[in-house]
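The values are calculated or read from the model by the stated rules, or taken from the named source; none is laboratory data. Because the structure is predicted, anything quoted here is derived from the model rather than measured. Cβ atoms come from the backbone with ideal geometry, glycine included; neighbour counts cover every protein chain shown.
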Amino acid sequence: MKHIPIKDQTVQSIADITKHDPKMQILANTINKEWPEHKKQCPAEIQEYWNYRNELAVYQGILLKGDRIIIPGCMRQEIMTRLHTAHLGIVKTKQRACSCVFWLNITADITKYISGCEICQRSSDCQPKKPFMNSEIPEYPWEHMGTDLLFWEGINYLVTTDYCSRYIELDKLDSTSSGAIITKLKSQFARHGIPRILTSDNAPPPPVRSRRIQKIRRTVENHTPHVQPRYPQSNGLSEKVVQTVKRLMSKALTDRLDPYLALLEYRNTPVDDLASPAQLLMSRQLRSVMPSVEHNFVPKIVPKEEYKAARQKQQEAKKEAYDRGTRMIKPFAPGQQVWLNKTGQANERWIKATVTGIYDELSNRSATVKTEDGAVYRRNRKCIHARPTANECTYLKNNVMPLTNMEVPAYRLPA
């Protein structure tokens, strides 16, 4: 027994309890005599051990499966607590159990036990990333536009992107008030037309969520999706464009060039091996500092089929690369008990909450939750994960195998 990584006192306690457990004794007698030829010939109490019969043995009153001690039912709660002393994750705890102890369904029990461990759940990682969800490809330019704010060199800018052409509008803001933002948006609408869909960020500054902004959204159309708070990826294109513009302006500043000339060249540069943003939006190239033949400035419409096929190919390639290592997560339901990470940061402690509503019914990507102090948040699934109910958390206590009606001494493993 010296090679088994459990204290001798603990092993002796297991042997004593095994001696008083009728089911363990039936199993021990069957092992010592000989297993019958067919499973149906086994006592009903131990038929579930049939598949392990060639690995089972009895040594000094202890039942073994290989080098692993078989734990009687009434001791499993104590052993499970010891297994989880270090509060390791599910995989590590299973690996530890595989080195020393065994009982039927031990891996499932470990999963349930750790899922109900409040200490582990409050310090857990964010949810794994979910499969990529492509946005709808616009039918025509300036149908779907996204907006975001950029702060660069002490100045605020409004960055607007056309989802179809990837054309960028950059407007300097005197302030981030709703009035200033609305004025710039109205100027763009007068220049390119009113879009059908406007996607904007819910994050600070607050004026972006003001009533005046809501009014201009209603002018756009009734379908005006919001991105998910604390999850910039849901406004991915606008976030990416903001970084692109910031790099353009920073490099131009370093090179002592006009940043608006850099923006002009961006608008004239083909995207996705198709056409430039200016060509897709305005059906023509823009005159710039680069020499070009006059023919290039003649308006030329890019066929919608050609554009959509190129976008579809790009989306499929992006999804294939992104989806490696992703997995689907079981949908939430209103009233479900969950854990919430308010900021989405790895060092944030998780708190208890209850699902109050589901956004994006088809994709189930975000939900509103209410915490124990009454605060309501809307967050992406990355920041929410399921919390076992009280019944699930106490499953081991409620499912300890009874020995029999006879009185058995109350054993406790030595410390």
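Things to note:
- Evaluation of residue 342 against the conditions (1) modelled with pLDDT under 85; (2) touching a Phe, Trp or Tyr at 6+ places or on another chain (Cβ under 8 Å); (3) under 19 Å from residue 236 (Cβ atoms) shows that the sole unmet condition is (3).
- Whenever a residue of the range 171-199 is more than 15 Å from residue 148 (Cβ to Cβ) and aromatic (Phe, Trp, Tyr), it has no partner that is part of a loop (DSSP other than H, G, I, E, B) and at pLDDT 90 or above lying with C-beta atoms less than 6 angstrom away and at least six residues away or across chains.
- Among the helices (runs of 4 or more DSSP H) confined to the range 230-308, the ones with at least 1 residues that are modelled with pLDDT of 85 or more and among the hydroxyl-bearing types (Ser, Thr, Tyr) are located at 236-254, 259-268.
- Taking the listed residues 87, 38, the one that is more than 30 Å from residue 339 (Cβ to Cβ) and not β-branched (Val, Ile, Thr) is 38, with no other qualifying.
- Candidate set from the range 101-115 (those that are farther than 30 Å from residue 342 by Cα and surrounded by fewer than 17 Cβ atoms within 10 Å (Cβ to Cβ)); member that is farthest from the chain's Cα centre (by Cα): 104
- Within the range 238-256, tally of residues that are basic (Lys, Arg) and closer than 16 Å to residue 154 by Cβ: 1
- None of 346, 321 is more than 26 Å from residue 143 (Cβ to Cβ), surrounded by fewer than 15 Cβ atoms within 10 Å (Cβ to Cβ) and touching a Cys at 6+ places or on another chain (Cβ under 8 Å) except 346.
- Residue 118 acidic (Asp, Glu), surrounded by fewer than 16 Cβ atoms within 10 Å (Cβ to Cβ), farther than 30 Å from residue 186 by Cβ and modelled with pLDDT of 90 or more: no
- Applying the criterion of being at pLDDT 80 or above and not in a helix (DSSP H, G or I) to the residues of the range 381-390, the residue that is surrounded by the fewest Cβ atoms within 10 Å (Cβ to Cβ) is 386.
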